[in-house]
Every structure is written in structure tokens, then in C-alpha cells.
Amino acid sequence: MQMRFTEPIRIGSRACTIRPAGLDQNGIRAVAEELSRDSVIVLTCIDPGAAWIQAGSKVVVTLDLPFRGNFTPRALEVAAVINHVISYGVNLRVAAVVREMTFVSRDGSSSGPVTLN
């Protein structure tokens with residue numbers, strides 16, 4: 001499946017999780033501030049167990065997608081590399097470069113990556 005994005009995706013402030021890529025670790029709760037074909041920005045609280053949130057870290061941001069009726073609830077998993085972290089007191093603003101987006105059902109099965117051209 002190929003998708004072409006011509007402008008940023010307007011997501012408002014959507015609850016999400018951020019976790020290190022490749023690890024079966026629970027994510028840290030966050031709020032996605034912005035998502036485009038090239039970048040994702042999330043806001044989260046500083047967590048002592050999240051020393052992995054630093055520039056160069058590979059992460060997965062998971063956003064639950066809205067659903068209705070008999071449709072299977074899905075999520076968008078965004079694989080990214082953190083390029084900038086700003087600390088605001090007890091909060092972090094994390095900016096990352098998007099590498100891949102994958103739609104997954106909320107039970108964890110994947111529908112494959114979305115090619116971003």
C-alpha cells in the first residue's frame with residue numbers, strides 16, 4: 001500500500017505511547033502533538049526508567065485510531081529515530097524522524113508497512 005502525504009496529518013493532541021524499538025517493553029504514556037510523513041513530535045513526562053529517550057534512539061510511537069461499529073480497532077505504529085529532546089521541567093518534548101508507519105490491529109497483528117513516497 002502506498003500513501004502520499006502532501007501536508008502534515010492534523011491529529012490534534014492524541015494519546016499515544018512511546019517505547020524503544022525492538023524491545024517488548026511497555027510504552028510510556030505520551031501525547032502526540034504532530035505527525036507528518038517525515039516527523040513525529042510527542043510530549044511526555046520525565047520517567048526515571050526512560051533513559052533511552054535521547055537523540056539517536058530508535059523508538060516506536062503507537063497511536064490508537066478511532067473506530068466505529070463492527071470494524072476491528074486498529075492503531076498506527078510509527079517507527080522513528082529521535083533527533084531532538086527538549087526538557088521543560090518534568091516534561092519532555094521529543095521530536096523524531098519517521099522511518100516507517102504500520103497499521104496494526106489492537107490485538108497486535110500487522111497489516112504491513114505503509115510506504116511513504
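The values are calculated or read from the model by the stated rules, or taken from the named source; none is laboratory data. All values reported here derive from a predicted model rather than from experimental measurement. Every residue, glycine among them, receives a Cβ derived from its backbone with ideal geometry; neighbour counts consider all protein chains shown.
Points to keep in mind about this one:
- Residue, modelled with the lowest pLDDT, within the stretch 10-24, restricted to residues that are more than 15 Å from ARG93 (Cα to Cα) and surrounded by 13 or more Cβ atoms within 10 Å (Cβ to Cβ): ILE11
- THR44 being closer than 16 Å to GLU100 by Cα, touching a Leu at 6+ places or on another chain (Cβ under 8 Å), surrounded by 12 or more Cβ atoms within 10 Å (Cβ to Cβ) and among the hydroxyl-bearing types (Ser, Thr, Tyr): no
- Listed by position, the strands (runs of 3 or more DSSP E) contained in the stretch 58-116 that have at least 3 residues being among the hydroxyl-bearing types (Ser, Thr, Tyr) and at pLDDT below 85 are 110-116.
- Single residue of the stretch 50-72 satisfying the filter (touching a residue at least 12 places away in the same chain (Cβ under 8 Å) and surrounded by fewer than 13 Cβ atoms within 10 Å (Cβ to Cβ)) that is farthest from the chain's Cα centre (by Cα): THR72
- Residues of the stretch 20-35 classified as in a loop (DSSP other than H, G, I, E, B) and charged (D, E, K, R), total: 1
- Restricting the stretch 37-57 to residues that are of a type in the set (A, V, I, L, M) and not in a loop (DSSP other than H, G, I, E, B), the residue that is nearest to VAL78 (Cα to Cα): VAL40
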